[in-house]
Number of protein chains: 2
Amino acid sequence: MPTREFQRARSPEAKRLREAAILDAARRLGAARGIRQVTLTDIAEAVGMHKSAMLRYFETREEIFLRLTAEGWQDWAPDLAQHVRALERPDADTVAAAFAASLAGRPMFCDLLAQTPLNLERNVSTEKVREFKLTTRDGLGVIVPAVRAALPALTDEDGVDAVATATSLAGTFYQIATPGPDVAELYRSDPRLAHALVDVEPQLTRILASMLRGRLAERTG
Amino acid sequence: MPTREFQRARSPEAKRLREAAILDAARRLGAARGIRQVTLTDIAEAVGMHKSAMLRYFETREEIFLRLTAEGWQDWAPDLAQHVRALERPDADTVAAAFAASLAGRPMFCDLLAQTPLNLERNVSTEKVREFKLTTRDGLGVIVPAVRAALPALTDEDGVDAVATATSLAGTFYQIATPGPDVAELYRSDPRLAHALVDVEPQLTRILASMLRGRLAERTG
């Protein structure tokens with residue numbers, strides 16, 4: 001148990017290391033079980049700290065996961081932008097496919113995207129919400145220019161709408177696509193419930209491609 | 001306090017009345033505070049029953065709100081279908097506006113739509129999930145034919161995609177648009193956070209109109 005080595009963290013570097021250890025533990029548990037299943041106690045146990053000591057680094061469970069969501073944006077935005085800029089034939093379909101692939105390949109980020117407005121932003125200080133929103137703003141600042149370079153008829157608002165559509169649908173579809181095991185079995189066994197089976201990447205690609213195609217038609221008359 | 005009159009409910013009619021009283025109380029509290037703020041204890045107090053007695057009618061808090069979501073679909077689907085069928089000039093824009101108006105006019109339903117896959121479907125029996133999914137299936141069976149009558153080039157899958165897009169975005173945008181009071185003040189006071197301000201109805205109309213316009217273009221070549 002690494003409890004003792006965590007007892008004091010007086011230097012900024014030691015504090016940073018502890019924060020990183022807490023975030024690592026939360027990331028591992030969240031990826032393994034889904035965010036909703038991870039409590040502050042679970043994280044404290046995994047990192048070998050007392051819960052009360054951990055609260056000196058993060059005020060709430062939601063603050064930890066909001067930080068992971070911010071990291072998710074910092075990882076996702078440049079990767080998506082690079083893929084969009086590298087498209088050989090940029091059009092509504094290929095840009096939509098790039099969005100969908102980059103999100104479907106990040107299941108925990110999709111889980112966090114759905115949790116953010118419902119839960120994570122509701123149990124942290126406003127300063128933490130500000131920090132988080134500045135990170136999503138930076139993400140938009142990376143993605144929207146790449147989308148406009150690929151599809152020059154689009155405006156900034158169109159790019160923001162594309163990101164809002166993609167992130168909102170990815171979050172919701174991910175939740176629908178990952179029910180508990182009993183409900184998953186129910187959906188497979190009752191043919192009347194076929195509409196409940198969602199495959200995130202193709203459905204997101206299809207809807208976002210139509211949205212971008214329609215928006216391009218609006219802009220080019 | 002109506003506690004005593006609720007003590008026994010032996011006939012099916014008495015049972016139905018008690019269920020209705022519980023659902024009424026949950027509906028009132030949910031509309032006033034938001035779903036996340038309503039506990040089983042709150043509902044029991046509002047309806048004047050002991051929590052243990054209430055659990056004979058609904059196994060969990062989530063079962064109560066899943067029932068309200070099912071009622072939401074039963075209220076929303078025929079109303080939207082009627083508005084779509086009554087459109088004088090049915091096109092991507094007017095159909096999208098009908099979806100957005102009917103959802104934005106039902107804020108508690110939007111709240112419930114976002115809670116459903118994250119929370120409500122996760123803490124009820126699979127039989128309750130089956131009942132709920134059959135209700136959403138009936139809703140699709142009412143809305144999709146109305147959308148296809150308005151926009152005959154569309155397929156059933158297109159209609160289902162339109163409903164999935166509208167309900168997913170309405171749920172997420174509603175959550176983003178209704179932060180706590182401190183965060184709402186933050187968004188208004190920091191101009192760098194303008195992207196965090198969401199107005200559900202116009203944004204949903206704009207995105208769904210583009211999606212339908214693009215889908216129509218795909219179907220008509």
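Table: residues versus (1) more than 7 Å from chain B (Cβ to nearest Cβ); (2) more than 29 Å from B:ARG137 (Cα to Cα); (3) under 21 Å from the mean Cα position of the chain (by Cα).
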| residue | (1), (2), (3) |
| --- | --- |
| A:ARG106 | yes, yes, yes |
| A:GLU121 | no, yes, yes |
| A:VAL124 | yes, yes, yes |
| A:GLY171 | no, no, yes |
| A:ALA177 | yes, no, yes |
| A:HIS195 | no, no, no |
Selection from segment A:89-98 of residues that are of a type outside the set (A, V, I, L, M, F, W, C), closer than 14 Å to A:ALA149 by Cβ and crowded, with 16+ Cβ neighbours inside 10 Å: A:PRO90, A:THR94
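Out of B:ARG219, B:ARG215, B:ARG188, report the one residue that is more than 9 Å from chain A (Cβ to nearest Cβ), of a type in the set (D, E, K, R) and in contact (Cβ under 8 Å) with a residue 24 or more places away in the chain.
Values: B:ARG215 fails: more than 9 Å from chain A (Cβ to nearest Cβ); B:ARG188 fails: in contact (Cβ under 8 Å) with a residue 24 or more places away in the chain.
Step by step, each of B:ARG219, B:ARG215, B:ARG188 is checked, and only B:ARG219 is more than 9 Å from chain A (Cβ to nearest Cβ), of a type in the set (D, E, K, R) and in contact (Cβ under 8 Å) with a residue 24 or more places away in the chain.
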Answer from A:ALA86, A:ALA101, A:ALA46, A:ALA31 - the residue that is surrounded by fewer than 21 Cβ atoms within 10 Å (Cβ to Cβ) and out of contact with any helix residue (DSSP H, G or I) (no Cβ under 7 Å at 6 or more places or on another chain): A:ALA86
B:ALA153, sole failed condition from (1) in a helix (DSSP H, G or I); (2) over 19 Å from A:LYS133 (Cβ atoms): (1)
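Of all residues in segment A:194-204, which are farther than 25 Å from A:ARG33 by Cβ and surrounded by 14 or more Cβ atoms within 10 Å (Cβ to Cβ)?
Restricting attention to segment A:194-204, the residues satisfying the condition of being farther than 25 Å from A:ARG33 by Cβ are A:194-195, A:202.
A:HIS195, the sole residue that qualifies.
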Verdict on A:ALA153 being surrounded by fewer than 22 Cβ atoms within 10 Å (Cβ to Cβ), farther than 24 Å from B:ILE35 by Cβ and of a type in the set (Gly, Ala, Ser): yes
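Tell me, yes or no, whether segment A:68-80 has at least one residue that is among the β-branched types (Val, Ile, Thr) and either crowded, with 22+ Cβ neighbours inside 10 Å or closer than 29 Å to A:ARG33 by Cβ (or both). Walk me through how you get there before you give the answer.
From segment A:68-80, those among the β-branched types (Val, Ile, Thr) are A:69; that's our starting set.
Cutting the leftovers down to either crowded, with 22+ Cβ neighbours inside 10 Å or closer than 29 Å to A:ARG33 by Cβ (or both) gives us A:69.
Yes, because at least one residue in segment A:68-80 is among the β-branched types (Val, Ile, Thr) and either crowded, with 22+ Cβ neighbours inside 10 Å or closer than 29 Å to A:ARG33 by Cβ (or both).
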Selection from segment A:156-184 of residues that are surrounded by fewer than 19 Cβ atoms within 10 Å (Cβ to Cβ) and modelled with pLDDT under 95: A:THR178, A:GLY180, A:PRO181, A:ASP182, A:ALA184
Count of segment B:197-208 residues which are more than 7 Å from every other protein chain (Cβ to nearest Cβ) and either aliphatic (A, V, I, L, M) or more than 26 Å from the chain's Cα centre (by Cα) (or both): 5
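Is it true that A:VAL160 is closer than 19 Å to A:TRP73 by Cα, of a type in the set (A, V, I, L, M), assigned to a helix (DSSP H, G or I) and over 15 Å from the mean Cα position of the chain (by Cα)? Quick ask: steps written out before the conclusion?
On the way: closer than 19 Å to A:TRP73 by Cα: yes; of a type in the set (A, V, I, L, M): yes; assigned to a helix (DSSP H, G or I): yes; over 15 Å from the mean Cα position of the chain (by Cα): yes.
Yes: the conditions hold for A:VAL160.
In this structure, is A:VAL147 crowded, with 20+ Cβ neighbours inside 10 Å, in contact with a Pro (Cβ under 8 Å, 6 or more places away or on another chain), modelled with pLDDT of 95 or more and not small (Gly, Ala, Ser)? If you could, list the steps in order and put the result at the bottom.
Numbers: crowded, with 20+ Cβ neighbours inside 10 Å: yes; in contact with a Pro (Cβ under 8 Å, 6 or more places away or on another chain): no; modelled with pLDDT of 95 or more: yes; not small (Gly, Ala, Ser): yes.
It is false that A:VAL147 is crowded, with 20+ Cβ neighbours inside 10 Å, in contact with a Pro (Cβ under 8 Å, 6 or more places away or on another chain), modelled with pLDDT of 95 or more and not small (Gly, Ala, Ser).
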Filter result (assigned to a helix (DSSP H, G or I) and under 16 Å from B:GLY171 (Cβ atoms)) within segment B:189-204: B:VAL200, B:GLU201, B:GLN203, B:LEU204
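The values are calculated or read from the model by the stated rules, or taken from the named source; none is laboratory data. In this text the structure is predicted, and so the values were computed from the model without any measurement. When we count neighbours, we look across all protein chains shown, and the Cβ atoms used for this are built from the backbone with ideal geometry, even at glycine.
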